[in-house]
Amino acid sequence: MAALRRSARSGRSARFTPVFDPDFGDRALTEARHDIVIGRWQGVRDLLRDTGDDWARRTHRIRLLAHAAAGSSSVEAWRAAEPDSPDAAVLRAATEVVRVFDTAIAAGRGTVVDRARVDTTVDACLRAAEAAPADPMPWVSLLSVARLYDGGVQRRQLRQWFDELRHRDPYNTEGHAQVMRYLSARWHGTHGAMYDFARDAAGVAPPGSPLPVLVQVARVEEYRYIADGALGRGPVRGFDQHWKHELAVDELRRTHQRWIGGRDPGGPVAPEEVPDLNYLAHAACYAGQVEVAREVLGMLGVRAAWVPWAYTGDPEEQFTRFREGLGVGAGPV
């Protein structure tokens with residue numbers, strides 16, 4: 001653990017600086033998101049066409065495109081120009097999900113979102129699923145918006161949507177993450193239900209799949225929930241062991257073995273892997289698992305993500321401090 005706490009002894013003027021690129025190095029996505037902001041949709045159309053059925057990358061790209069489109073009318077312009085485009089329908093549904101979540105955030109936690117608004121978003125997702133029957137993304141969108149129903153949805157409804165997702169993409173990490181969050185204590189479940197789901201998903205994931213990292217995502221969700229509840233009432237008792245007790249460390253090592261151990265050891269890190277790798281790096285750093293932390297931070301290079309580092313302090317400070325303490329080299333860009 002001492003290695004994780006050491007500061008760099010020299011070279012302060014050339015100190016490592018992480019890059020918090022929202023697209024995680026996906027330059028084609030960056031260009032398409034810029035097009036959306038200035039009201040152009042043709043580049044987005046071309047990007048999604050070229051992405052094809054690489055579901056992991058497609059899910060990643062549509063999610064980020066939806067955030068860019070939420071504040072403009074670009075996706076509506078595309079739908080109007082090409083009403084039969086499946087990609088336009090899928091992006092429009094994802095954009096409506098972002099918009100309804102933005103409404104919920106603006107209203108404040110505990111405020112019930114108008115059910116008719118949520119129903120309208122669900123309808124957009126179901127229409128997108130009809131337009132693009134092979135695409136898992138409309139089902140990811142449905143599993144996301146399900147959280148906003150007051151009291152949630154019926155369990156058989158959630159199961160049906162989840163089964164539809166798995167039929168198209170059995171190990172879709174984002175879709176599994178949305179179900180896990182639905183089952184969390186922050187939304188419509190408990191810590192136990194959240195961990196059970198994450199562990200079950202990790203247990204069936206094939207070697208090289210990032211799905212086992214859901215267990216580390218669940219640990220962050222629990223941290224957020226308890227820390228938010230303790231706000232203003234002092235520290236949470238026993239929380240110093242949250243990241244490094246025996247079960248947490250065992251699960252971290254298991255995730256590393258199944259995911260990183262199953263990847264091509266020399267293979268490049270895809271943009272869609274960067275957010276999940278940041279969860280794994282964060283867990284390893286806070287658990288004091290030096291070798292795992294060093295390897296994963298080396299894989300990331302300069303590519304940092306605000307989440308989950310933002311939940312435990314200043315993201316840039318933490319990412320830099322751990323890298324310098326471990327003596328991690330520049331790594332891939």
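The values are calculated or read from the model by the stated rules, or taken from the named source; none is laboratory data. Being a predicted model, the structure only gives us computed values, none of them experimental. Note that each Cβ is placed from the backbone with ideal geometry, even for glycine, and that neighbours are counted across all protein chains shown. Heavy atoms of the whole protein, side chains included, go into the accessibility calculation; ligands, DNA and RNA do not. Shrake-Rupley method; radii C 1.70, N 1.55, O 1.52, S 1.80 Å.
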### Query
So what are the three principal axis dimensions of region 187-283 from its Cα atoms, in whole Å, longest to shortest?
47, 25, 22
### Query
Among D50, D21, D276, which one moves the most in a GNM of the chain with springs linking Cα atoms closer than 10 Å?
D50
### Summary
Counting every C-alpha pair in region 155-205, the percent lying more than 16 Å apart is 37
### Message
How large a share of the accessible area of region 68-137, in percent, is made up of carbon and sulfur atoms when the probe is 1.4 Å and the other protein chains stay in place?
### Response
55
### Query
When Cα Rg over 2.2 N^0.38 Å is calculated directly from the model, which label among (1) 0.94; (2) 1.05; (3) 1.01 fits?
(3)
### Query
Residues of region 133-285: accessible area per residue at 1.4 Å, in Å²?
43
### Query
Suppose R0 equals 30 Å; then what is the FRET efficiency for T312 and S72 from their Cβ-Cβ distance, rounded to the nearest 0.05?
0.35
### Query
Using a Gaussian network for the chain with springs between C-alpha atoms less than 10 Å apart, which of these wobbles most: D163, D54, D35?
D54
### Message
As I understand it, the value is the acute angle between the Cα axis of helix 290-300 and the longest principal axis of the Cα atoms of the chain; what does it come to in degrees, rounded to 10?
### Response
40
### Task
Quick one: pull the percentage of alpha-carbon pairs in region 259-316 with a separation above 12 Å.
66
### Query
With axes computed from alpha carbons, what is the tilt in degrees of helix 115-131 against the longest principal axis of the chain, rounded to the nearest 10 within 0 to 90?
80
### Message
Can you show me the helix-derived [θ] at 222 nm for the chain, built from DSSP H runs with n ≥ 4 at -39,500 (n - 2.57) apiece and divided by the number of residues, rounded to the nearest 500.
### Response
-19000 deg cm²/dmol
### Message
Under the rule a/c < 1.5 gives rounded, and otherwise a/b versus b/c splits prolate from oblate, where does region 121-170 land using the Cα gyration tensor?
### Response
oblate
#### Entry: Cα centroid separation, region 156-172 to region 250-306 (Å)
27
### Which of I38, I62, I226 is most accessible, then next, and so on - probe 1.4 Å
I38, I226, I62
### Message
If I build a Gaussian network model for the chain, linking alpha-carbon pairs within less than 10 angstrom, which residue out of V249, V44, V215 has the largest mean-square fluctuation?
### Response
V249
